[in-house]
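Data block below; observations after.
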Amino acid sequence: MIRFSTAGESHGEALIALVSGLPAGVPIDIEFVNRELWRRQQGYGRGGRMKIETDKAHVLSGVRHGKTIGSPIAIEIVNRDWKNWQDKLPVEAGDAAKHQAVASPRPGHADLAGALKYNFPDARYVLERASARESTARVAAGAFAKLLLRHLGIEVGSHVIRVGRVELDRTATWDEIAAAGLRGEIVLSCVDSETEARMKEEVEHASRTGDTVGGVFEVVVHGAPAGLGTYANWDERLDGLLAQSVMSLQAVKAVEIGRGVTAAESFGSKVHDAIHYASEETGKASGKPTRFTREQNNAGGIEGGVSNGEDIVVRGYLKPISTLRRPLESVRFDTREATTASYERSDICVVPAAGVAAESMVALTIAGLAQQKFGGDSAVEMKRNFDGYIEQIRSY
Ligand code: EPS
């Protein structure tokens with residue numbers, strides 16, 4: 001069973017990811033892990049923090065001579081900003097006069113609910129952990145899951161399909177999405193340059209008006225076989241597991257599988273993906289792990305909570321960031337006087353970065369299910385089991 005957890009706060013010394021359950025012998029390319037961390041830092045509309053940080057994975061355990069050894073993997077990512085915060089947020093009692101209180105909660109943020117829950121006098125400690133900075137550790141963990149999936153020929157990518165009012169008006173191919181992920185410069189991670197330019201204007205509009213803007217990213221899993229997840233038990237359905245993993249990301253307020261949203265307003269004959277069967281030759285040439293084919297993929301590769309061999313498509317809907325340069329009305333924690341919400345340095349748009357974080361969550365979920373289905377303590381054993389299953393599907 002693959003498990004992972006994270007620790008760390010936005011302005012603490014470091015973020016930590018702990019991943020266990022990966023088989024031994026998975027080749028680990030640290031450059032790839034760091035490249036994933038770099039991708040999460042990109043995107044038009046990021047704030048000043050990203051100029052301070054250069055996120056790098058420092059692997060403390062579980063990897064030797066470039067391969068996993070089956071023991072838990074601990075990864076540390078240092079916060080370079082810590083040097084500016086160590087007096088304000090010391091582990092020791094420190095000097096109370098240096099405490100940097102967040103005096104009035106931001107609507108939409110965890111500030112108020114968190115302060116009430118944990119009985120804090122202000123929202124400082126709340127935002128330190130609720131911050132999307134935490135997604136850095138998820139991306140480090142997710143990179144390891146991706147390297148395991150790569151070993152099985154399964155890839156995960158993402159792209160941005162909406163920023164504010166601007167939407168990509170066509171379906172992107174897997175090749176386009178994969179190429180978007182490799183682009184040296186990630187502006188808004190949209191596969192269409194004309195749409196991307198209009199998305200950029202949307203961010204500029206938000207920036208000019210002291211506002212923030214949300215959007216939609218799409219994560220695609222390419223090459224996953226039919227048979228991951230099951231309808232047998234409610235908590236083992238693939239769509240449910242993916243929904244939770246993506247919804248758990250900061251600022252995600254809705255998750256869609258395939259065309260789930262438009263399906264609700266359409267007729268069945270227009271929604272469901274007709275089934276065909278490819279000849280041996282065409283089936284082989286397609287490189288897909290099943291010869292049952294579909295011309296469309298409205299189901300997003302999942303039927304009955306089980307992957308069906310098509311690309312798995314998960315969309316995340318991101319609310320606009322809640323820290324506004326022109327803050328909304330709020331109330332002071334100490335005096336209860338009406339005021340405006342506190343302002344902390346923040347981002348204007350984070351849709352591409354959220355897409356990268358969601359790739360990690362999806363990769364961890366798919367890797368976990370693959371590990372459950374194919375098992376194996378070593379990468380060799382897991383691959384042998386995987387190949388055997390693919391052969392079973394091909395000759396079904
Ligand atoms: C960050 C995400 C955002 C940034 C944060 C770094 O987190 P939040 O959800 O709290 O808005 O604002 O940077 C800062 C807190 C800062 O000091 O600027 C990230 O993705 O790394």
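The values are calculated or read from the model by the stated rules, or taken from the named source; none is laboratory data. Computed from a predicted structure; not experimentally measured. Because the Cβ atoms are built from the backbone with ideal geometry, glycine has one as well, and the counts that use them run over all protein chains shown. Quick note on the areas: whole protein, heavy atoms, side chains included, nothing else; ligands and nucleic acids left out. Shrake-Rupley method; radii C 1.70, N 1.55, O 1.52, S 1.80 Å.
What the table shows:
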{"quantity": "Proximal lysines relative to Lys284, as straight alpha-carbon distance under 20 Å, when same-chain residues fewer than 8 apart are discounted", "calculated": "Lys383"}
{"quantity": "Relative contact order computed over the range 151-249 (Cα-Cα under 8 Å; 6+ residues apart), in percent", "calculated": "35"}
{"quantity": "Inter-label distance, nm, simple model (7 Å from Cα along the C-beta direction), Thr230/Phe32", "calculated": "3.0"}
{"quantity": "Förster-model FRET efficiency, 56 Å R0, Ser71 and Asp95, C-beta, rounded to 0.05", "calculated": "0.85"}
{"quantity": "With every protein chain in place, the range 3-394: carbon and sulfur % of accessible area (1.4 Å)", "calculated": "52"}
{"quantity": "Per residue accessible area in Å² of the chain, where ligands, DNA and RNA are left out and the probe is 1.4 Å", "calculated": "48"}
{"quantity": "Distance (nanometres) between label positions extended 7 Å along Cα→Cβ at Glu265 and Ala178", "calculated": "3.4"}
{"quantity": "Counted charge near Arg326, where neighbours are those whose Cβ lies closer than 13 Å (Asp, Glu -1; Lys, Arg +1)", "calculated": "+1"}
{"quantity": "Listed residues Leu241, Leu324, Leu15 arranged by accessible area, highest first, probe 1.4 Å", "calculated": "Leu241, Leu324, Leu15"}
{"quantity": "Top positive-direction residue, dipole computed over the chain with Cβ charges, set Gly223, Gly258, Val350", "calculated": "Val350"}
{"quantity": "At least 27 Å along the helix axis (C-alpha) and Kyte average at least 0.0, DSSP helices within the chain", "calculated": "351-374"}
{"quantity": "Partner aspartates and glutamates for Lys200 [C-alpha distance under 19 Å; skip if fewer than 8 residues away on the same chain]", "calculated": "Glu167, Asp169, Glu185, Asp192, Asp211, Glu218, Asp347"}
{"quantity": "Inter-probe distance in nm under a simple model that places probes 7 Å from Cα toward Cβ, at Arg165 and Tyr389", "calculated": "4.7"}
{"quantity": "Dipole of the range 83-147 [Lys/Arg +1, Asp/Glu -1 at C-beta], most positive-end residue of Ala145, Ala97, Asn119", "calculated": "Ala145"}
{"quantity": "Excluding exposed DSSP-loop GluC sites (Glu not before Pro) (at most 12 other C-beta within 10 Å), longest clean stretch of the chain", "calculated": "93-184"}
{"quantity": "Cα convex hull volume per residue for the chain (Å³)", "calculated": "156"}
{"quantity": "Normalised contact order of the range 3-394, rounded percent, pairs of Cα under 8 Å and 6 or more residues apart", "calculated": "23"}
{"quantity": "Calculated on alpha-carbon atoms, Rg and Dmax of the range 1-105 in Å", "calculated": "16.8, 51"}
{"quantity": "Vicinal HN-Hα couplings computed from phi for the range 46-58 (Karplus, 6.51 cos²θ - 1.76 cosθ + 1.60; Hz; Gly/Pro x)", "calculated": "6, x, x, 4, 5, 7, 7, 8, 10, 5, 9, 7, 10"}
{"quantity": "Listed pairs Lys146/Lys288; Lys117/Lys373; Lys117/Lys146 exceeding 28 Å between Cα atoms", "calculated": "Lys117/Lys373; Lys117/Lys146"}
